[in-house]
Amino acid sequence: MSDMAAQPSAPAELPSAKTDWLPLLLIPALGLLALPFVGSPSTWVTLTVAGLAMGMMIFLMASGLTLVFGLMDIINFGHGVFISLGAYATLLVLGPLAGWATADSIGLNLALLALCILVAMGVTALAGAVFERVIVRPVYGSHLKQILVTMGGLIVTEQLIHALWGASPIPIPLPQSLRGAFVLGDIVMERYRVVAVIIGLVVFVGMQLLLNRTRIGLLIRAGVENPEMVEALGYRIRRLFVSVFIAGSALAGLGGVMWAFYRQTLTAGMGMEVMVLVFIVIIIGGLGSVGGCFVGSILVALVANYVGFIEPKLALISNILVMALVLIWRPQGLFPVARR
Amino acid sequence: MTEPLLQLSGVHTHIGPYHILHGVDFTVPAGELTMLLGRNGAGKTTTLRTIMGLWQASSGNIRFDGSDITTRSTPDIARAGIAYVPEAMGIFTDLTVRENIVLAARSGPVDKNRLDWILGLFPALKRFWNLPAGNLSGGQKQMLAIARAIAEPRRLLLIDEPTKGLAPVMVRSMIEAFRALKSSGETILLVEQNFYAASALGDNVVVMDDGRIVHSGAMSDLVADKDMQQRLLGLSLDAHQ
């Protein structure tokens, strides 16, 4: 942040901001709480890694939406279609490069995954730009219209997917090296889930660096709080809005690729199916907070895994239960963002 | 009077169905501090927001340094060299004091000498440099809002009621800061309810009532004329001392 490094010739010991650690402690606390109920430590590790991977995939799918909602105050029910579109975009790569998926080379397998991600992000970024211009821009400022119009956009785009790729589910192969699991003693960790954790962490760290260490990030954070003042400082907030919408769509595309390889089946409604979960995590995290979205995603996924193992009948309501408890504790979410 | 830096001619502003400004005319001379006074609801804030392009003038003309800025967008007006401090201060509370100031310096890093000068005007900000601006008191937030407006050299500062709700000691330090800004040659249009502060600072005064300009002239004339104070503002300077 060298361009932002202005420092006053002030006393050396300047006080720093206090980090709110309490919500972060929820994750290890939850893990420790679950351990005696799960019983076996190896099963606990397996469940935890699986939960972390699921949490990362939810984070990838939700992080764009929380930024769009936080900065632009837009309720985009059409976000799910970017997840589906990202997933289907893998076909553009898997078609001509099918051999890379079955090749006995980890390099080719990972390159295939990287290409799928790049193409999906490109496709969804482009779709996001069109979606913002045609569907969202006319309804800035009206939440009800946003819900109706973005829902309409979602339905239209899902039908376009059907028209392009057919209505039947399409199976896709997981690249060879990402199949199977790492086995360490009694601990089993699926390879693909480990890759999902790594990609999720990279994206999270990247977003944190962007938001906290760059001028663009400062503008986004300031714009979430007071867009009018950002304009009065001479910045064109509309361009920032559009860029964030496009970036949010591209992130959904990335989440869609990870989700597609996890399910190994494509359906046009796969994005919409996870939207309830996506909305739950952005509400838990605090609307507009990327850090909150990250913690919320992991929390929801871990609870679903632990509860699904300990008391399967409760698994269905565990997410709602987590959201209710968090909102009773912190009504604005784990990391509330100051709002206009 | 020197050449006007800002000139409003017959400016009308509507907000929804309401007609707020009714043909506002006044000028702000370069290098001077012009006070915009008036009772609550007189249209002072609307005037500043209209100049900034936050509300569009429905008719009339606003010229800044010879250029017509009436229909220009807010970012364009800011880039032309006008800084705005709203009544609510517009501080980004999630950002640190430092980040608030860094963001205001559009052209790059804040100049070190200028930063030292700004923190000399508002020394309290040094202590909170790396803390979220939301932690500041009302007076400190006001200091930050003004510090942010002057993070880079600007041609004109529009400041809306900077002493509102501040303790007397804070009002005095704010007056000192404005005196220092004035002496550095800044051109300022300052909305103020506190007539004591206004009389201590203003070179010129413009008084509004019901969306119209009812008086403009030298501040010294208004200070000297208690009847005029009573008639225009419903109070006299004595009431503020």
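The values are calculated or read from the model by the stated rules, or taken from the named source; none is laboratory data. None of the values given here were measured: they were computed from a predicted structure. Reconstructed Cβ throughout: ideal geometry from the backbone, glycine too, with neighbour counts over all protein chains shown.
Summary table below
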read-out: Count of segment B:1-26 residues which are without any contact (Cβ under 8 Å) to a residue 24 or more places away in the chain and part of a strand (DSSP E or B); value: 1
read-out: Condition met for A:ILE135 (under 23 Å from the mean Cα position of the chain (by Cα), free of Cβ contacts under 8 Å to residues at least 60 places away in the same chain, assigned to a helix (DSSP H, G or I) and crowded, with 17+ Cβ neighbours inside 10 Å); value: yes
read-out: Meets criteria (out of contact with any strand residue (DSSP E or B) (no Cβ under 6 Å at 6 or more places or on another chain) and either modelled with pLDDT of 95 or more or of a type in the set (Val, Ile, Thr) (or both)) for B:THR96; value: no
read-out: Close pairs from segment A:223-241: first buried (at least 22 other Cβ atoms within 10 Å of the Cβ), partner part of a helix (DSSP H, G or I) and of a type in the set (Phe, Trp, Tyr), Cβ under 8 Å, at least 6 apart; value: A:GLY223/A:PHE241
read-out: Extreme residue, surrounded by the most Cβ atoms within 10 Å (Cβ to Cβ), among residues of segment B:68-82 that are facing chain A (nearest Cβ under 8 Å) and in contact (Cβ under 8 Å) with a residue 24 or more places away in the chain; value: B:ALA78
read-out: Among the candidates A:ALA247, A:ALA268, A:ALA260, A:ALA252, residue that is away from chain B (no Cβ under 14 Å) and part of a loop (DSSP other than H, G, I, E, B); value: A:ALA268
read-out: Residue in segment A:88-105 that is under 22 Å from A:ARG236 (Cα atoms) and not in a helix (DSSP H, G or I) present; value: no
read-out: Any hit, segment B:18-30, residues being away from every other protein chain (no Cβ under 11 Å), surrounded by fewer than 15 Cβ atoms within 10 Å (Cβ to Cβ) and of a type in the set (S, T, N, Q); value: no
read-out: Scan of segment B:187-200 for residues that are farther than 20 Å from B:THR13 by Cα and either at pLDDT 90 or above or part of a strand (DSSP E or B) (or both), ordered by number; value: B:THR187, B:ILE188
read-out: Hits in segment B:118-163 - residues which are touching a residue at least 60 places away in the same chain (Cβ under 8 Å), out of contact with any Gly (no Cβ under 8 Å at 6 or more places or on another chain) and hydrophobic (A, V, I, L, M, F, W, C); value: B:LEU121, B:ILE146, B:ALA149, B:ILE150, B:LEU157, B:LEU158, B:ILE159
read-out: Subset of segment B:120-141 (residues that are within 10 Å of another protein chain (Cβ to nearest Cβ), surrounded by 20 or more Cβ atoms within 10 Å (Cβ to Cβ) and not in a loop (DSSP other than H, G, I, E, B)); value: B:LEU125, B:ALA133
read-out: Number of the exception - A:PHE204 against (1) over 29 Å from A:PRO169 (Cβ atoms); (2) buried (at least 24 other Cβ atoms within 10 Å of the Cβ); value: (2)
read-out: The listed residue being surrounded by 22 or more Cβ atoms within 10 Å (Cβ to Cβ) and of a type in the set (A, V, I, L, M), out of A:ILE198, A:ILE216, A:ILE220; value: A:ILE220
read-out: Unique match (being at pLDDT 90 or above, assigned to a loop (DSSP other than H, G, I, E, B) and crowded, with 17+ Cβ neighbours inside 10 Å) among A:LEU334, A:LEU299; value: A:LEU334
read-out: Qualifying residue in segment B:215-230 (condition: within 29 Å of B:ARG79 (Cβ to Cβ) and surrounded by fewer than 19 Cβ atoms within 10 Å (Cβ to Cβ)); value: yes
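Condition check ((1) more than 8 Å from chain A (Cβ to nearest Cβ); (2) closer than 30 Å to A:ASP20 by Cβ; (3) assigned to a helix (DSSP H, G or I); (4) more than 21 Å from the chain's Cα centre (by Cα)) across all residues:
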{"position": "B:ASP94", "(1), (2), (3), (4)": "no, yes, no, yes"}
{"position": "B:ILE101", "(1), (2), (3), (4)": "no, yes, yes, no"}
{"position": "B:LEU115", "(1), (2), (3), (4)": "no, yes, yes, no"}
{"position": "B:ALA145", "(1), (2), (3), (4)": "yes, yes, yes, no"}
{"position": "B:LYS164", "(1), (2), (3), (4)": "yes, no, no, no"}
{"position": "B:SER173", "(1), (2), (3), (4)": "yes, no, yes, no"}
{"position": "B:PHE178", "(1), (2), (3), (4)": "yes, no, yes, no"}
